[in-house]
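A.B. asks: Below you will find the structure I want to go over with you.
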Number of protein chains: 2
Amino acid sequence: MKTVTATPEGRPGLRERKKRRTHDALLRAALELFTTKGYEATTVDEIAEAVDVSQRTFFRYFAGKEEAALAVQDIAQDYFAEAVRDRPPHEAPLEAMRNAVLEGWDDITEAVEQVVPVDLYLRSYRMVESTPALLAAHLRRSDETAEAIARIIAEREGVDVDADPRPRVTVALFSGVIRVTERLWALGEDLTMDAMRDLMAAHLDAVRPSLAEKWRTG
Amino acid sequence: MKTVTATPEGRPGLRERKKRRTHDALLRAALELFTTKGYEATTVDEIAEAVDVSQRTFFRYFAGKEEAALAVQDIAQDYFAEAVRDRPPHEAPLEAMRNAVLEGWDDITEAVEQVVPVDLYLRSYRMVESTPALLAAHLRRSDETAEAIARIIAEREGVDVDADPRPRVTVALFSGVIRVTERLWALGEDLTMDAMRDLMAAHLDAVRPSLAEKWRTG
DNA sequence: TGTCAACTGTCAGCGGCTGTCATTAGCCTC
DNA sequence: GAGGCTAATGACAGCCGCTGACAGTTGACA
């Protein structure tokens, strides 16, 4: 017989809910502190204290400061990779990536919002750009995502990733456009989701004519 | 009157020479240890001890482990940026970058050789690829170099880097090709300078037809 | 040769991160 | 609904990267 704490429907149960609460609280506290007093200037002890847990517990939820700072970006990136995989097979590589970003924009925003307020996310996004250690970590994660997407594209097009450089190069071009957009957005004044989306769309459109041909073998 | 230790011609003087010796010795010892027992597994104390200096002295020559591990790559990247600046102005952006790499290859190799043996450099290059923390730092430095080159290209072409995304996007494409080459080279079996050069040339040639047009305004 | 500045070693200390072990608290069964 | 199981936490000790401060040493130059 079920206990009172767990509801009949697949409701997570108290333990799980508590874990998630702690996780989200730590995340929010971390980003809040990072964005106000700076990443390097805030210690893990401060974050832990803000949530009233031990420092050790922080490290049980996050591998380190870095992971906490970039956790939300990870959500967005993973979502994007999945979105590319779900694109209809007739779309050319750059087209598929472009559509995955632009059409999935609202879903990504929503997915983020379920963990932290969008405003906090955007502030943290900007902070990454101006914190060398974080920018490095961010670029490495982006590189990983790029590799994953290159494999997806290669599969879609039926080519071998290691033998044919085109999937990786195409994704690199796309990543480059995203990177340029990130940089300009962070430097700009309109720090909103819409502004980022518009910049993204504009840059992608600017590149489209140059390299849009399909290269499927069939 | 000059002392005996400093020769009339601009010879550096004992102090400078000693400094350079210590610097190079630390660098070589660090790379040697990193490549044999792994980056994270070697402590700064071990490096310092291998050269018979205090740990504090190591940090006076290098900002941290990371900088020691990537010092040689930095030499190569700085050299490359200069080479692009020195390209004749009639060359199109991608052409200029391509030629800077391929024609400057031997000079870069030589510049590296003056500090550490090429073999050690190549082994360390491969290590970067398999060490997350180092790969992150490497990508950030590459991103910085890319930004610098984008500005050089923009100046060559007479456009505004922040208003026109094409310089940064073009450089991003080029950087992407280099990144793909790095990855494949590190995964391959022929770990030599020549092998890397050939791979680089092959990949650059494969991209050339796609996006080689000039877009100078004049 | 003596003065000055640069280079170095030593020591103390902070912060990120990990292993270990005892304690607490959700969960499940009888 | 009491007791046993296990996951989650806290407390403590310790390593390592890195920094500031101060004193000692050594090359440079008059």
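A.B. asks: Being within 9 Å of DNA strand D (Cβ to nearest atom), free of Cβ contacts under 8 Å to residues at least 24 places away in the same chain and assigned to a helix (DSSP H, G or I) is the filter here, so list the residues in region B:32-59 that pass it.
C.D. replies: B:44, B:45, B:46, B:47, B:55, B:56, B:59
A.B. asks: Yes or no: residue A:45 on the phi > 0 side of the Ramachandran plot and either within 16 Å of DNA strand C (Cβ to nearest atom) or within 14 Å of chain B (Cβ to nearest Cβ) (or both)?
C.D. replies: No, not satisfied.
A.B. asks: Identify the single condition in (1) within 17 Å of the chain's Cα centre (by Cα); (2) surrounded by fewer than 21 Cβ atoms within 10 Å (Cβ to Cβ) that residue B:202 does not satisfy, given that it satisfies every other one.
C.D. replies: Among (1) within 17 Å of the chain's Cα centre (by Cα); (2) surrounded by fewer than 21 Cβ atoms within 10 Å (Cβ to Cβ), residue B:202 violates only (1).
A.B. asks: Quick check, is residue B:26 open to solvent by less than 60 Å² (accessible area, probe 1.4 Å), within 16 Å of DNA strand D (Cβ to nearest atom), over 30 Å from residue B:167 (Cβ atoms) and in contact (Cβ under 8 Å) with a residue 12 or more places away in the chain?
C.D. replies: Yes: the conditions hold for residue B:26.
A.B. asks: Sticking with this one: Anything in region B:29-59 that is closer than 18 Å to residue B:118 by Cβ and crowded, with 17+ Cβ neighbours inside 10 Å? List them, or say none.
C.D. replies: B:29, B:30, B:31, B:32, B:34, B:35
A.B. asks: Same structure again: Suppose the filter is within 14 Å of chain A (Cβ to nearest Cβ), within 12 Å of DNA strand C (Cβ to nearest atom) and either over 21 Å from residue B:141 (Cβ atoms) or at pLDDT 95 or above (or both); does residue B:40 pass it?
C.D. replies: Judged against the criteria, residue B:40 is a match.
A.B. asks: Something else now. Give A:199, A:184 a once-over and let me know the one that is within 9 Å of chain B (Cβ to nearest Cβ) and closer than 22 Å to residue B:146 by Cβ.
C.D. replies: A:184
A.B. asks: Which of the residues belonging to region A:67-84 are in contact (Cβ under 8 Å) with a residue 40 or more places away in the chain and of a type outside the set (D, E, K, R)?
C.D. replies: Of everything in region A:67-84, those that are in contact (Cβ under 8 Å) with a residue 40 or more places away in the chain and of a type outside the set (D, E, K, R) turn out to be A:68, A:69, A:70, A:71, A:72, A:73, A:75, A:77, A:80, A:81, A:84.
A.B. asks: Moving on to the next point. Can you say whether residue B:87 is under 17 Å from the mean Cα position of the chain (by Cα), more than 8 Å from DNA strand D (Cβ to nearest atom), modelled with pLDDT of 95 or more and of a type in the set (Lys, Arg), as far as the supplied structure shows? Let's see the steps before the verdict.
C.D. replies: Working: under 17 Å from the mean Cα position of the chain (by Cα): no; more than 8 Å from DNA strand D (Cβ to nearest atom): yes; modelled with pLDDT of 95 or more: yes; of a type in the set (Lys, Arg): yes.
In short, no.
A.B. asks: Go over the candidates B:163, B:133, B:146 one by one and state the one that is within 14 Å of chain A (Cβ to nearest Cβ) and within 13 Å of the chain's Cα centre (by Cα).
C.D. replies: None of the other options fit; the residue is B:146.
The values are calculated or read from the model by the stated rules, or taken from the named source; none is laboratory data. Since this is a predicted model, take the numbers as computed values, not measurements. Positions of Cβ are generated from backbone atoms using ideal geometry, with glycine treated the same way; all protein chains shown enter the neighbour counts. What goes into the accessible areas is simple: the full protein's heavy atoms, side chains included, and nothing from ligands, DNA or RNA. Shrake-Rupley method; radii C 1.70, N 1.55, O 1.52, S 1.80 Å.
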